[in-house]
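Before any comments, here is the structure.
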Amino acid sequence: MEQTSALDAEGAIETRGIEPVPDTERRGRVRELFPTWVAANISVLLLTMGAGLVVSNGLNLYQVLLVAILAPVVSYGIVGVLSIAGKRGGAPGMTLSRAVFGQRGNLFPGAVTWIARWGWETINAVTGAYALLTILDLLFGIKSNTVLIVVTLLLFVGCTFTVSGMGRKVLLVCNKWSAYLFGAFSVAVLCYLIANTDWSSVFSRPAGSNALLIAGIGTIAAGGISWAPSGADFARYLPRTASGKGIVGNTIGGAGIVVVPMVLMGAVMAVGTPDLAHATDPVSFIGKLLPTWLSVPYLFIALIGMLLINSMSMYSAGFTAQTLGFRIPRAWAVSVNAVISLVFGSLLMIVATSFISSFISFLTLLAVSFSAWIGVFGVDMLRGREYDAEALMDTSRTSAYWYRGGFCWQAMTAWAAALVAGLCFTSVSWFAGPLAGSWTGRNGLGWAATIALAAGVYAVLPRPAAAVRPVRSRGTEEAAPVRVSS
């Protein structure tokens, strides 16, 4: 177990690893979650996704508004509920997951989560690099080329590594100010659109089908669902007395206040620029739609926002790497994901022909892969799970979370069955499951079916037996019945 002092943990650079935060050091406040989840959604990709709801799904503005409201309520509602586990156990989400799947069993969903983070960080790194390239083009007329692509990616990933490596306090400060700045410039963009949009064309669009409306909710919600395993990472410094309703409310509110206007703005932009939804470059359109005096500062603030999104993701990925057994400090664990996002990002920008298609396919698979974990972990948490700090960090056979051979077979069975079933309902540009043509598959609800199946199977299976772990008494080790809630 990595040992840290209270001073280190509370300093400017966070040195605490995955070990649970002692109650005496839990000085976080629930309201800090609001700017955290605002920053987690400062991405111009929401504009492109909003455009896709109009162009690809054929929805009208009222349907887009419904999607923009329901998607963050559903997805970040899940994130908020699972974040409550953070205040209970004081540890990152994938570390708390050891109590559910067993010390060895947790390596499987942990590995899936860690690998999925590579994709998410790659997408954000690419978007950030495109934003920087667009700013250079607008201000100095510098056109994109292979060398410049690599340089901008390297710069973006390097800044991400620096911020995420410094830890929680730096992220909180950056999130707070970026939320203020992005909010101000988004209002300016909204005012510009109101004054320069052909609203008769916007409101005259016919309604799309209910199936595509439901699918749209799933597409927008997928981004939020990807944060579910990380919610506890940002709630672990909250005291045990922190309000659960407050955690959920600030999580939904912080995300919703960004998602709703961004998706709507994208939908409005798409009426006059339908190519927006299929653009190879998901950022440069802003320079074409907005005047330079507005597009450049807006892109610059969005660039900072995307950097923070990636920093938050890498922050969590560092914990996941440690949970998987990498015996290195959290900051160094972050560097692994930084290198991976740099390599994959270069391939996506230089080789891939369709960024948006790759992004939507990735989001769809990401949602399914995380949903199997959500169903199992959520049921376990709602049963009133309390977490044993010592058992979480004990990866040997003496751990109360060893179960049978290091595996909780009930959790593993539910997770694996739901993951396979979810993929069967899923269809992306290069893969289609055998049930993708069903009602669930056509409506893009593979992720919802995955959550429901994982939760249902785990709920009906026999509850894991309460564990007994050895404890030390008066200098000798003897077996004592220390029960762990399950």
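The values are calculated or read from the model by the stated rules, or taken from the named source; none is laboratory data. None of the values given here were measured: they were computed from a predicted structure. Using ideal geometry, Cβ is built from the backbone for each residue, glycine included, and neighbour counts are taken over all protein chains shown. Note: areas computed on protein heavy atoms with side chains; ligands, DNA, RNA excluded. Shrake-Rupley method; radii C 1.70, N 1.55, O 1.52, S 1.80 Å.
Given only helices, namely DSSP H runs of n ≥ 4 each adding -39500 (n - 2.57), what is the per-residue ellipticity at 222 nm of the chain, to the nearest 500 deg cm²/dmol?
Values: 20 runs with 320 residues, N = 486.
When only DSSP H runs of four or more count, the value is -22000 deg cm²/dmol.
Can you count the Lys pairs in the chain with C-alpha separation below 23 Å, eight or more apart or on different chains? Provide the component values of the computation, followed by the final result.
Working: 87/169; 87/176; 87/245; 143/288; 176/245.
For the chain, qualifying lysine pairs total 5.
Tell me, what ³J(HN,Hα) does each residue in the stretch 110-118 have, in order and in whole Hz, if you take phi through Karplus 6.51 cos²θ - 1.76 cosθ + 1.60 with θ = phi - 60° and put x for Gly and Pro?
Per residue, the Karplus-derived 3J(HN,Hα) values read x, 5, 4, 5, 5, 5, 4, 4, 4 Hz.
Expressed as an acute angle from 0 to 90° and rounded to the nearest 10, what is the orientation of the C-alpha long axis of helix 168-196 relative to the principal long axis of the chain?
30
For the chain, what does the accessible surface come to per residue with a 1.4 Å probe? Please give it in Å².
Working: 18860 Å² over 486 residues.
Value for the chain: 39 Å² per residue.
Could you tell me how many degrees, from 0 to 90 and to the nearest 10, lie between the Cα long axis of helix 292-323 and the main elongation axis, the longest principal axis, of the Cα atoms of the chain?
20
Once you place label points 7 Å from the Cα toward the Cβ at residue 207 and residue 273, how far apart are they in nm?
With each label point 7 Å from Cα toward Cβ, the separation is 3.0 nm.
Roughly how many percent of the accessible protein surface of the chain is carbon and sulfur, given a 1.4 Å probe and a whole-percent answer?
Values: 12730 of 18860 Å².
Within the chain, the accessible surface is 67 percent carbon and sulfur.
Take the alpha carbon atoms of the stretch 134-255, find their radius of gyration, then divide it by 2.2 N^0.38 Å using N residues; give the quotient. Present the calculation step by step, with values, prior to reporting the outcome.
Working: Rg = 20.2 Å, N = 122, 2.2 N^0.38 = 13.7 Å.
Its radius of gyration relative to the 2.2 N^0.38 Å reference: 1.48.
Looking at the stretch 212-288, which trypsin sites (Lys or Arg not before Pro) are in a loop (DSSP not H, G, I, E or B) and have at most 14 other Cβ atoms within 10 Å? It would help to have the intermediate numbers written out before the result.
On the way: sites: 236, 240, 245, 288; in loops: 236, 240.
Listed in order of number, the matching sites are 240.
What residues qualify as long-range amide H neighbours of residue 59, i.e. H under 5 Å apart, gap of 5 or more or another chain, H built at 1.01 Å from N?
Result for residue 59 returns 54.
Angle, helix 355-382 long axis vs. longest principal axis of the chain, Cα atoms, 0 to 90°, nearest 10?
Once rounded, one gets 30 degrees.
Can you pull out the trypsin sites (Lys or Arg not before Pro) in the stretch 361-468 that DSSP calls coil and that have at most 14 other Cβ atoms within 10 Å? List each step's numbers first, then the result.
Numbers: sites: 383, 385, 397, 404, 442; in loops: 383, 385, 397.
The qualifying sites are 383, 397.
With Kirkwood radius over Cα pairs in Å in mind, check [x] 24.3; [y] 22.2; [z] 22.9 and report the label derived from this structure.
Among [x] 24.3; [y] 22.2; [z] 22.9, the one derived from this structure is [z].
First check a/c for the stretch 32-138, with a ≥ b ≥ c the square roots of the eigenvalues of its C-alpha gyration tensor; if it is under 1.5, answer rounded, and if not, answer prolate when a/b is larger than b/c or oblate otherwise. Don't skip to the end; give the middle numbers.
Details: a/c = 2.17, a/b = 1.58, b/c = 1.37.
Judged from the Cα gyration tensor, the stretch 32-138 comes out prolate (a/c at least 1.5, a/b above b/c).
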